[in-house]
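Just below is one structure, and these are the notes that go with it.
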Amino acid sequence: MSSPNPILIKLGLSDNDRVVIFHADDIGNFQGSLDAYRDLVDVGLLSSASTMVPCPWFPATAEFCRTHAGHPNLDMGVHLTLTSEWDAYRWGPVTTSDPATGLVDDEGYFHRTSAAVQQQADLQALRAELRAQIERARTAGIDITHIDSHMFTLIHPRLVDTYIDLALEFHVPPFLLRDRESAAFEYFSPAVADQLLDCVPAWEEQGLPLLDDAAVLPLNNAQDRAGQLLAKLNSLKPGITYLVVHPTKDTPGLREAVSDQDWPCRVADYEIFLDTAVRDAVRETGVHVIGWRALRELMPGRGGA
């Protein structure tokens, strides 16, 4: 296990505290994801979300953020998007449709897999696309609290420096992990994980607030979703954990676009975060809930180290 996260002390907590960011992913990919977030932001258990700028419901997401600016629970980042994984519903870059950039497939959309982007993307074109997504969100009136990466595409040795450079340029924290024991590293090959973890001391020296762990409620098992959530919370180690869910209202568009395993999980995530019994059970775990806004204040250029 890594040494205690120095960010805990900066947050006024102790090295042994268990901290979680309840994060709603993929806001704006469907109307149902925005509708769900509209309901849940008032409930108060969700502490973070991020929006997909290239997707059709991004403008409505930005409008919601503008009209609710100052809401104590509104914490919206940019879910930097370089992949379009489904067959019946797809999206592409905001900057280019040129195949020479390596950002699009032979249908003119983003690649379906992270590996294709990691292998083929021209780094200059990739940087321009990511910057354009961040700038579009800012121009649309979103007070960006952080950046993260759809399908973890940017958490890769070839691309991660661009990701970090943009985080430092815009003074927002990027989702990055510091603990070798994080369950999230199951998404990466051992060689990639080792290369990323070797960078942790340098990232912390730069003043980046890193997380200790990340967990995603799986999108292939909707049974006892509340039980899944509480089991993850009860197993948390000391440090800051990013707990990712995909709350979405049930709509015909959602059912048409994604698999019969996937969409019930998204709907279940919406329903459990509305459930007062779940909210009470979360509070009884003694886990501290924070959002990215607190971490943003620790970034270089915003009063951080």
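Taking a point 7 Å out from the Cα of Ser189 in the direction of its Cβ, the residues of the stretch 108-123 whose backbone N falls within less than 20 Å of it are 111-123. Backbone amide hydrogens, once placed in the peptide plane, bring Arg18 within less than 5 Å of Gly239, His288, excluding anything fewer than 5 places away on its chain.
Size descriptors for the stretch 248-305: radius of gyration and Dmax over Cα atoms are 17.5, 48 Å.
Model label sites at Asn221 and Arg138, defined 7 Å from Cα along the beta-carbon direction, differ in position by 4.2 nm. Of the three principal axes defined by the Cα atoms of the stretch 29-168, the extents in descending order read 43, 36, 24 Å. With only Cα atoms counted, the stretch 204-305 has Rg and Dmax values of 16.5, 48 Å.
For a quick check: sort Met299, Met76, Met151 by the number of other beta carbons within 10 angstrom, fewest at the front.
Lowest to highest Cβ neighbour count: Met151, Met299, Met76.
With one equal scatterer per alpha carbon and no solvent term, the Debye-computed log10 I(q)/I(0) for the stretch 29-106 at 0.17, 0.18, 0.23 1/Å reads -0.72, -0.78, -1.08.
Per-residue Karplus couplings for the stretch 145-157, computed as 6.51 cos²θ - 1.76 cosθ + 1.60 with θ equal to phi - 60°, are listed in order as 9, 5, 10, 9, 10, 4, 6, 6, 4, 7, 7, 8, x Hz, Gly and Pro entered as x.
In the calculated pair-distance distribution of the chain, the portion above 30 angstrom amounts to 28 percent of the Cα-Cα pairs. The residue list Ile290, Val258, Leu176 was ranked by how far each Cα lies along the charge dipole of the stretch 152-305 toward its positive end, using unit charges on Cβ atoms, and Ile290 comes out on top. Measuring r between the beta carbons of Ser97 and Gln261 and using R0 = 41 Å, the FRET efficiency lands at 0.85. Can you check what the net charge comes to around Thr61, using other residues whose Cβ is under 11 Å from the Cβ of Thr61 (Lys, Arg +1; Asp, Glu -1)? Value of the local net charge: -1.
Would any residue of the stretch 126-167 have its amide N under 18 Å from a label point 7 Å out along Cα→Cβ of Arg66? List them or say none. Counting backbone N atoms under 18 Å from the label point, the list is 133-145. Compared with the direct C-alpha span, the chain from Asp87 to Gln124 gains 10.5 nm at full extension, assuming 0.36 nm per residue. From the alpha carbon centroid of the stretch 127-145 to that of the stretch 259-294 is 27 Å.
Assign unit charges at the C-beta atoms only (+1 for Lys and Arg, -1 for Asp and Glu), then state the dipole size of the stretch 185-237 relative to its Cα centre in Debye, rounded to the nearest 20. With only Lys, Arg, Asp and Glu charged at Cβ, the dipole is about 360 debye.
About the Cα centre of the chain, what is the dipole size in debye to 20, counting +1 per Lys and Arg Cβ and -1 per Asp and Glu Cβ, all else neutral? I would put it at about 600 debye. Among 211-222, 50-61, the peptide with the highest mean count of other Cβ atoms within 10 Å heads the list, and the full ranking is 50-61, 211-222.
Report, ordered by chain and residue number, the aspartates and glutamates lying within cross-link reach of Lys237, taken as a straight Cα distance under 19 Å and ignoring same-chain residues fewer than 8 apart. Candidates past the 8-residue exclusion: Asp15, Asp17, Asp179, Glu181, Glu186, Asp212, Asp213, Glu284.
Placing +1 on the Cβ of every Lys and Arg and -1 on the Cβ of every Asp and Glu, with no other charges, gives the stretch 1-120 a dipole of roughly 340 debye about its Cα centre.
Per DSSP H run of n ≥ 4, the term is -39500 (n - 2.57); total these for the chain, divide by its residue number, and report the mean residue ellipticity at 222 nm rounded to 500 deg cm²/dmol.
Values: 13 runs with 117 residues, N = 305.
Counting only the DSSP helices, I get -11000 deg cm²/dmol.
In the stretch 151-305, a dipole from Cβ-located charges (positive for Lys and Arg, negative for Asp and Glu) runs towards its positive end, and of Leu243, Leu197, Tyr270 it is Tyr270 whose Cα lies farthest in that direction.
Each value in this text was obtained by applying a stated rule to the coordinates, not by laboratory testing. Source: prediction; values computed, not measured. Glycine gets a Cβ as well: all are built from the backbone with ideal geometry, and neighbour counts include every protein chain shown.
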